[in-house]
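Beneath this line is the structure, given in structure tokens, with notes to follow.
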Amino acid sequence: MNLCDSRHIRATLTQHGFHFSKARGQNFLVDASVPERMAALTDRQNGVLEVGPGFGALTDALCGRAGRVAAIEVDKRLIPILTQNLNGHDNLTILEADALRTDLNALALREFVGLCPMVVSNLPYSLTSDLLQTFIRADAYRTIIVMVQKEVAQRLCAAPGTSAYGSFTIFCRVFCQPEILFDVPPESFMPRPAVDSSVIRLTRRAAPLVEASMQKRFFSVTRSAFSQRRKTLSNALLSLSGLDRPALDAALTAAGINPGLRGETLSIEQFLSITRELWKGSCQS
């Protein structure tokens, strides 16, 4: 059964009375090469978490490659469709749940015993940031391979000094090394999205670039720095409570940073230097 065949998809959806939900960003794959290319990045040593399996084309391909697959689907209307389409796989668990409210580390311990957990998913665009943060926080998963909006993929791989570089870039890069694998055009989906997509791989670092004790403060600094991109660091970081300009400028200077620079020009290492200076002395308690 070709789960990317548009005629089969339409017939099955009609049979079940299913209609696409724009709010949930549902776009089903109709190009069989895409799920095959994504699944080829796994093997029998992997336990694969898939979020938002939709019609099951990627799930089907993953089951043929990986040791075990756990597919989480929040739309209960799709559960009988997935069960019908994927009933030949004995290495699959279909879960009706919200991935954002699921303990993904506990799921890995339960479903992927003796396997190396990873994430492989075609993410709904509206939930991309939330889901990526959830995957990254679940440290059981060493590799995250996801299809996202091309613009998001470019943001994750952006360099300092570019318009795509931002606080979300930094968050992901602290924990993972991102790599764009290939692009996917709109005609690969039903219905067609208005944008191009990209498949990206995030490989977890052996250790985060920012130590755990400093992360909360570090991310508050980066969020403030990018909250109003046109502001200089000296102005943007004043939003951090308890700071005054002389103390802030002194901390920036001690970190070797010109207070007149904008946040988008700084590297992770420079932001970390700022964070350490801000909390080293009496600038902020």
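The values are calculated or read from the model by the stated rules, or taken from the named source; none is laboratory data. Since we're looking at a predicted model, the values are computed, not measured. Counting neighbours? That spans all protein chains shown, and the Cβs are built from the backbone with ideal geometry, glycine included. In case anyone asks, the SASA skips ligands and DNA or RNA and just uses the protein heavy atoms, side chains included. Shrake-Rupley method; radii C 1.70, N 1.55, O 1.52, S 1.80 Å.
Structure data summary
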| quantity | calculated |
| --- | --- |
| Of N91, L233, T169, farthest towards positive along the dipole that unit charges on Lys, Arg, Asp, Glu beta carbons give the chain | L233 |
| DSSP-assigned coil residues among trypsin sites (Lys or Arg not before Pro) in region 37-74, each with at most 12 further Cβ atoms within 10 Å | R44 |
| Whole-Å distance, taken between Cα centres, linking region 208-224 and region 167-185 | 18 |
| Contact order normalised by residue count of region 26-95, Cα under 8 Å, 6+ apart, percent | 31 |
| Considering only the chain, percent of DSSP beta bridges that pair antiparallel, nearest 5 | 50 |
| Equivalent ellipsoid dimensions for region 54-158 as semi-axes, Å, which come from the Cα gyration tensor, largest first | 22, 17, 14 |
| Residue list for region 32-54, given a label point 7 angstrom along the Cα-to-Cβ vector of R192 and an amide N cut-off under 15 Å | none |
| Degrees, to the nearest 10: 268-280 long Cα axis against longest axis of the chain | 50 |
| Average accessible surface area per residue within the chain, 1.4 Å rolling probe, Å² | 46 |
| Gyration tensor over alpha-carbon atoms, the chain, equivalent ellipsoid semi-axes in Å | 41, 20, 15 |
| Length added when fully stretched, N2-S227, from 0.36 nm per residue minus Cα-Cα | 76.4 nm |
| Accessible surface of the chain [probe 1.4 Å, protein heavy atoms]: carbon and sulfur percent | 49 |
